[in-house]
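Have a look at the structure below, then the notes.
The values are calculated or read from the model by the stated rules, or taken from the named source; none is laboratory data. Please read these numbers as outputs of a predicted model, since none were measured by experiment. Every residue, glycine as well, gets a Cβ built from its backbone with ideal geometry; the counts of neighbours run over all protein chains shown.
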Amino acid sequence: MDEVERALSDFAEVSDPTAPGFRQNGVIFISDGFELGRCSGTSVNAPNLSLVFTAGHCVNDGGRGAWFNRDWVFVPGYHDGVRPFGVFAAKWLGTTEDWIEESSPNADVGVAVVSRNERGRRLGAVVGGYDIAWNRPPRQVFDIHGYPAEAPFDGAGQRICSATPFLGHDLASFLFLGPLNLAARCSVAGGASGGAWTIEGDTLNSVTSYAYEDDMTTDFGPYFGDAVRALYRRASQVR
Amino acid sequence: MRTLAAIVGLAAVGLACAPAATAVAHGTSSPRALLAGIAQLDDQLALLGSSSDAGRSDEDDLLAIRFVNHDGYTFRLFAFSQTVVLSVIRRDRKTRPSSTTYLARGVVTSSSIEASFGDRGRVSLRFRPSRRPARATRRVKCTKSGNPVAAHLGLFVGTLRFRGEGGYTSAEVQRVHGGSLDPAAFVACQVQAIAPPRQGSPSPPGRQPSGLATLRNYVEDFGKDPPEIPGVDTRPSEREETTALIAHRKTPLTRTVFVALNRGQGQARFLALDAGVDGSLGILRFVSVPAPVAAFRTEDTLSGASVSPPSPFSGTAIFQHGGGREKSFAGSLAVSFLGAPGVPLADSTFETLLLRGR
């Protein structure tokens, strides 16, 4: 099995991204006015029924960089150009202080509060949401979701690395602010950023942050601790 | 817009780190000596594509300690934000440094360090600064206003306890000299005085004590051999060729690098680095050793090479580059890092390059 085949089977295609349990995940399309980008994101349960969790670098350039608040939309259940549940545009973006201040990969978590879709419905009412957990032991077994768009993937569908265990921490993580991040095996590619790491089936516990160019089979995500709890609570208060 | 980050580029790093590995700080605890340790760590982290500046804002003080243990090992510790870095260094000779660096999460304030190194030890120290801060008063190129305090020297009191793997060293100190440094002030400004003069009168007002470089210059010049003088080489063809063999192995959370260098200066140099994570402890091991040129032989066509580096390396290895993409690096070559003896360096899991250039 060559590298391409291994990646495609490792980050396996979800047969029906609109099915319950998968429809909470979607693609984030971003424009900063000059270029288009895309990330992955996930609807998370909250009283305002409007939270999308993703990577910090999918909402803010980091290090006091720009917010991607020009055009930022979330398309849950996306597949093959189809928007089965509509499009949800961001009306508020947030991230952690350590991402803003230092571009710390340990704090690469972002959140959006989205407006209603074209039919006037709230995100949570349409697709539901995952629960979210923080301050759990890092040694978890994750399902990693996402929409990788760079080769060998094409971004057309949702993918999942199933039951991939915590491998350890990245050595570089020791040098940045925030709790040590998490590593898990998953053959990611560009576009997978912000994809959900779920535990216990439907509980968000990290998001895809980065991989090394010379080893795209190891995915790194931030540990969800107090900073994420604070971010969740802040975003939940946005109406 | 950032996509998945590409943080490490291993292929280019081996050559960059080579000269710095020969430089080791000497002397007592002065900001300069303490920062020398940081510079060395920077060089090692360069192999990983990171920097000790990461996670440290301009406002953060950097607490630093350096002492020589009773068994001859040099201990360097520096701490900033949430990161505590302890380096244990052995120098068989001036040019043969071996070090193992441990990175731990900790709680660091401007006056205290708390960190656990697991079963290897812990640090719980409070800083008592002396009454004489070192101020950055010379305003040449100083981008910080006023007379910022660049460093306090002083005493750390509490416990620093450490036992290396297999007991290769152990230390326990309750009082140790060190300092609290403002790296930004060092970088931004000339520092007038960083330690009380050992003898004679204080330096004349407004004059920088001789021999003191700015931190920036010092770090930039650190270990360069020979010192880099601004200028343009108009006869590059007369420069000596450098031949390098670089072998590296990557697993999800570890990297091992072996570098053999021949700069045509009548001496070869061998380096090895192993970086990884053990639980909640990052560990970075490094050795560098000079050797006779004969220890690193290469064929003119770069189709083959052999290495037989001296201790702390052992064994030999042969690199062969056949037709097409077939390459092999095999043999009994191994290295004994501080705390990790007999780490193999030549087998099919290593990717190997043999390069030559000016």
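Could you grab me the full set of residues in the range A:22-48 that are under 15 Å from the mean Cα position of the chain (by Cα) and not in a strand (DSSP E or B)?
Just the residues of the range A:22-48 that are under 15 Å from the mean Cα position of the chain (by Cα), to begin with: A:22-30, A:37-45.
A:Phe22, A:Arg23, A:Gln24, A:Asn45 - these are the residues of the range A:22-48 that are under 15 Å from the mean Cα position of the chain (by Cα) and not in a strand (DSSP E or B).
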Tell me which of these A:Thr18 doesn't satisfy, since it passes every other one: (1) within 20 Å of A:Ala189 (Cα to Cα); (2) surrounded by fewer than 21 Cβ atoms within 10 Å (Cβ to Cβ); (3) in contact with a Pro (Cβ under 6 Å, 6 or more places away or on another chain).
(1)
Scan the range B:298-315 for residues that are surrounded by 16 or more Cβ atoms within 10 Å (Cβ to Cβ) and not small (Gly, Ala, Ser) and jot them down.
B:Thr298, B:Val307, B:Pro309, B:Pro312, B:Phe313
Of (1) within 11 Å of chain B (Cβ to nearest Cβ); (2) closer than 24 Å to A:Pro17 by Cα; (3) in a loop (DSSP other than H, G, I, E, B), A:Ser187 fails just (1)
Every listed condition ((1) in a loop (DSSP other than H, G, I, E, B); (2) away from chain B (no Cβ under 11 Å); (3) of a type in the set (A, V, I, L, M)) holds for A:Leu204 save (1)
Please specify each residue of the range A:101-122 satisfying the condition of being closer than 25 Å to A:Pro47 by Cβ and within 13 Å of chain B (Cβ to nearest Cβ).
A:Ala107, A:Gly110
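What are the residues in the range B:239-275 that are acidic (Asp, Glu) and either assigned to a strand (DSSP E or B) or within 11 Å of another protein chain (Cβ to nearest Cβ) (or both), if any?
Going through the range B:239-275, the residues acidic (Asp, Glu) turn out to be B:240-241, B:274.
If the condition is that a residue be acidic (Asp, Glu) and either assigned to a strand (DSSP E or B) or within 11 Å of another protein chain (Cβ to nearest Cβ) (or both), then B:Asp274 is the only one that fits.
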Does A:Gly194 meet the test of being more than 22 Å from B:Lys250 (Cβ to Cβ), within 11 Å of another protein chain (Cβ to nearest Cβ), part of a loop (DSSP other than H, G, I, E, B) and modelled with pLDDT of 95 or more?
yes
Mind listing whichever residues of the range B:260-293 are out of contact with any helix residue (DSSP H, G or I) (no Cβ under 9 Å at 6 or more places or on another chain) and either free of Cβ contacts under 8 Å to residues at least 24 places away in the same chain or among the aromatic types (Phe, Trp, Tyr) (or both)?
B:Arg263
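Test of understanding: among A:Gly62, A:Gly129, A:Gly155, which residue is touching a Gly at 6+ places or on another chain (Cβ under 7 Å) and farther than 15 Å from A:Phe29 by Cβ?
Values: A:Gly129 fails: touching a Gly at 6+ places or on another chain (Cβ under 7 Å); A:Gly155 fails: farther than 15 Å from A:Phe29 by Cβ.
None of the others qualify; the one that does is A:Gly62.
From B:Thr137, B:Thr109, B:Thr100, grab the single residue that is at pLDDT 80 or above, of a type in the set (Val, Ile, Thr) and more than 22 Å from B:Leu338 (Cβ to Cβ).
Numbers: B:Thr137 fails: at pLDDT 80 or above; B:Thr100 fails: more than 22 Å from B:Leu338 (Cβ to Cβ).
None of the other options fit; the residue is B:Thr109.
The rows are residues; the columns are (1) more than 8 Å from chain B (Cβ to nearest Cβ); (2) assigned to a loop (DSSP other than H, G, I, E, B).
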residue	(1), (2)
A:Asn135	yes, yes
A:Glu150	no, yes
A:Asp154	yes, yes
A:Thr217	no, no
A:Phe220	yes, no
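From the list A:Leu231, A:Leu180, A:Leu167, which one is hydrophobic (A, V, I, L, M, F, W, C), in contact (Cβ under 8 Å) with a residue 24 or more places away in the chain, within 12 Å of chain B (Cβ to nearest Cβ) and not in a strand (DSSP E or B)?
Working: A:Leu231 fails: within 12 Å of chain B (Cβ to nearest Cβ); A:Leu167 fails: not in a strand (DSSP E or B).
Unique residue meeting the criteria: A:Leu180.
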Are there any pairs with C-beta distances below 8 angstrom linking a residue in the range A:108-130 that is more than 30 Å from A:Ala183 (Cβ to Cβ) to a residue that is part of a helix (DSSP H, G or I) and among the β-branched types (Val, Ile, Thr), with the two at least 6 apart or on different chains, and if so which?
A:Asn117/A:Val126
Residue check for A:Phe11: more than 12 Å from chain B (Cβ to nearest Cβ) and closer than 22 Å to A:Val238 by Cβ:
no
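Please work out which residue is surrounded by the most Cβ atoms within 10 Å (Cβ to Cβ), limiting yourself to the range A:1-15 and to residues that are within 13 Å of A:Arg159 (Cβ to Cβ) and not β-branched (Val, Ile, Thr). So that I can check it myself, show each step before the final result.
To start, the set of residues in the range A:1-15 that are within 13 Å of A:Arg159 (Cβ to Cβ) comprises A:7-15.
If we keep only those that are not β-branched (Val, Ile, Thr) too, we end up with A:7-13, A:15.
Numbers: A:Ala7: 21, A:Leu8: 16, A:Ser9: 11, A:Asp10: 19, A:Phe11: 27, A:Ala12: 12, A:Glu13: 14, A:Ser15: 10.
Residue satisfying both the conditions and the ranking: A:Phe11.
Being within 30 Å of B:Thr83 (Cβ to Cβ), among the small types (Gly, Ala, Ser), touching a Pro at 6+ places or on another chain (Cβ under 9 Å) and not in a helix (DSSP H, G or I) is the filter here, so list the residues in the range A:70-109 that pass it.
Start the filter on the range A:70-109 by keeping residues that are within 30 Å of B:Thr83 (Cβ to Cβ), which leaves A:93-109.
Add one more test, that the residue is among the small types (Gly, Ala, Ser), and what stays is A:94, A:103-104, A:107.
Pick out the ones that are also touching a Pro at 6+ places or on another chain (Cβ under 9 Å) and you get A:104, A:107.
Passing the criteria: only A:Ser104.
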